[in-house]
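Visitor: Below: one structure in structure tokens.
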Amino acid sequence: MSTVVVTGMAGSLGTRVAARLLARPDVERVVGVDLVPFGGGDPKLDARVIDLAARPGPGDRELEAVMEGATSVIHMAWRVPDARNPAVGDGSGADPNLRALRRVLDAAARAGVGSVIHLSSATVYGAWPDNKIPLTEDERIRPNPEFPFAVSKAEAERAVAEWADRHPSVAVAVLRPAVSVGSGDKPLYEALGITRSPRSGDGGRPVQYLHVDDLASAVLLVWERRLSGVFNVAPDAGISEDQARALAGGVARIAVPERLAPVVSSLAWRLWRKGVPLEARAYAAHPWVVAPDRLKAAGWQPGYSSEEALVATDERLHWDDLPPGRRQNYNLLIALAVLAAGGTGIGVAVEAWRRRRRPTV
């Protein structure tokens, strides 16, 4: 019988993973850990509210108690800044996500667990013009340095790899999922979904979308088979950017000249991606699709393709759903691109956009 510790339990992925574990007769207990309270009702679920990123202190003893008797740890807790919570640090300069990871790994080692799964991200490969299509797990990780989320995920992977080297008897797996959709937790989708801003180039850049249910099934398969190593998680090799835009409602079907892309993209991000860091723009411009062959060879079968996962995602903005003022903003962006392409009138277009954005008294 297994006792599994699941961190990040309150999130959409955490609840899905826990539900699958609780339904298994060979799982005796699931210990869910999260920063915020979460409900349950299953007698096999032990819900714990713990700040894993807290500094060393009494909380360490609580974490030790959580790990007592655990056979596996699935670490998915990750604090992501957004418009409501723009910072995740404590002012010390230390990354709270890395501190939480190290605390979990230390406690897991003392408890003598047999397997550890760490949820990373495909963003660790970076979004670069020279990326291979698709990227395999053998490619080196080189996150874009201006995107803190990807940089932290890469540092976390290094910490896990070092820990695995010191604990060779433990099955340690790292999952690198593509952009996940299909749940209410969409900070990465909103940042990198690319369906709401003017594109550059010919629209053929491949993009991927992974349904959160498929990500949960991937976690379960890796846990069940005690797999070790790094695994990309994506349903397929991706679809074209234009296909994704069409499926998302055609908000941004108009291409702009390549030389104007940085200007128009910056304005578009300010209009449609409030709360999303501008530092992530490279991931909406360059390819970073991953090859899921290794995980599929281990027996994983996704239930959704990239197209199906994107269609199943709720609350996407379609052009017809935009209020008239927002559509006018978009038209002004297009006018800016057209005028600039002709080499004249850019100052007039920028001033028109600014006036349109200025609140009225």
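Visitor: Suppose we keep only residues that are open to solvent by less than 40 Å² (accessible area, probe 1.4 Å) and farther than 24 Å from Asp26 by Cβ within segment 69-94. Which one would you say is modelled with the highest pLDDT?
Guide: Looking at residues that are open to solvent by less than 40 Å² (accessible area, probe 1.4 Å) and farther than 24 Å from Asp26 by Cβ, I get Ala77.
Visitor: Between a first residue in segment 124-136 that is touching a residue at least 60 places away in the same chain (Cβ under 8 Å) and a second residue that is outside any loop (DSSP other than H, G, I, E, B) and hydrophobic (A, V, I, L, M, F, W, C), which pairs have beta carbons less than 6 Å apart while being 6 or more apart in sequence or on different chains?
Guide: Tyr125/Leu135; Ala127/Ala282; Pro134/Val290; Leu135/Val290
Visitor: When only residues in segment 54-63 that are surrounded by 13 or more Cβ atoms within 10 Å (Cβ to Cβ) and modelled with pLDDT under 80 count, which is farthest from Ser2 (Cα to Cα)?
Guide: Checking each candidate, the answer is Arg55.
Visitor: In segment 268-289, what residues are touching a Ser or Thr at 6+ places or on another chain (Cβ under 9 Å) and either modelled with pLDDT under 80 or open to solvent by 40 Å² or more (accessible area, probe 1.4 Å) (or both)?
Guide: Within segment 268-289, Ala268, Trp269, Leu271, Trp272, Arg273, Leu278, Arg281, Ala285 qualify.
Visitor: Moving to a separate point now. When segment 145-155 is examined, which residues are found to be of a type outside the set (Asp, Glu), in contact (Cβ under 8 Å) with a residue 40 or more places away in the chain and part of a loop (DSSP other than H, G, I, E, B)?
Guide: Once the filter is applied, which keeps residues that are of a type outside the set (Asp, Glu), in contact (Cβ under 8 Å) with a residue 40 or more places away in the chain and part of a loop (DSSP other than H, G, I, E, B), segment 145-155 yields only Phe147.
Visitor: Does Leu210 count as open to solvent by less than 30 Å² (accessible area, probe 1.4 Å), modelled with pLDDT under 55 and of a type outside the set (S, T, N, Q)?
Guide: Here the answer is no, as Leu210 does not meet what is asked.
Visitor: What's the number of the condition Val66 fails, among (1) at pLDDT 95 or above; (2) open to solvent by less than 60 Å² (accessible area, probe 1.4 Å)?
Guide: Condition not satisfied by Val66: (1).
Visitor: While we're on this one: Of the conditions (1) under 18 Å from the mean Cα position of the chain (by Cα); (2) open to solvent by 20 Å² or more (accessible area, probe 1.4 Å); (3) at pLDDT 95 or above, Arg226 satisfies every one except a single condition; which number is it?
Guide: For Arg226, the failing item is (1).
Visitor: Which residues, counting only those in segment 1-18, are open to solvent by 60 Å² or more (accessible area, probe 1.4 Å) and either among the aliphatic types (A, V, I, L, M) or not in a helix (DSSP H, G or I) (or both)?
Guide: Answer for segment 1-18, where residues must be open to solvent by 60 Å² or more (accessible area, probe 1.4 Å) and either among the aliphatic types (A, V, I, L, M) or not in a helix (DSSP H, G or I) (or both): just Met1.
Visitor: Could you list all residues from segment 100-139 that are in a helix (DSSP H, G or I) and closer than 25 Å to Lys296 by Cβ?
Guide: Listed by number, the residues that qualify are Ala122, Thr123, Val124, Tyr125.
Visitor: Here's a follow-up. Can you tell me which residue within segment 166-180, out of those that are open to solvent by 10 Å² or more (accessible area, probe 1.4 Å) and assigned to a loop (DSSP other than H, G, I, E, B), is nearest to Ala298 (Cα to Cα)?
Guide: Val170
Visitor: Can I ask one more? Go through the residues of segment 35-53 one by one and say whether even a single one is open to solvent by 30 Å² or more (accessible area, probe 1.4 Å) and in a helix (DSSP H, G or I).
Guide: Quick first cut of segment 35-53, residues open to solvent by 30 Å² or more (accessible area, probe 1.4 Å) only: 35-49, 51.
Pick out the ones that are also in a helix (DSSP H, G or I) and you get none.
Scanning segment 35-53, I find no residue that is open to solvent by 30 Å² or more (accessible area, probe 1.4 Å) and in a helix (DSSP H, G or I), so the answer is no.
Visitor: Now for a different question. Suppose we filter Arg158, Arg142 for residues that are outside any loop (DSSP other than H, G, I, E, B) and open to solvent by 50 Å² or more (accessible area, probe 1.4 Å); which single one remains?
Guide: Unique residue meeting the criteria: Arg158.
Visitor: Turning to a different aspect of this structure: Here are some conditions: (1) at pLDDT below 85; (2) in a helix (DSSP H, G or I); (3) crowded, with 16+ Cβ neighbours inside 10 Å. Arg316 meets all but one. Which one does it not meet?
Guide: (2)
The values are calculated or read from the model by the stated rules, or taken from the named source; none is laboratory data. This is a predicted model, so every value here is computed, not measured. Cβ: placed from backbone, ideal geometry, glycine included. Neighbour counts: every protein chain shown. All accessible areas refer to the heavy atoms of the entire protein, side chains included, with ligands and DNA or RNA removed. Shrake-Rupley method; radii C 1.70, N 1.55, O 1.52, S 1.80 Å.
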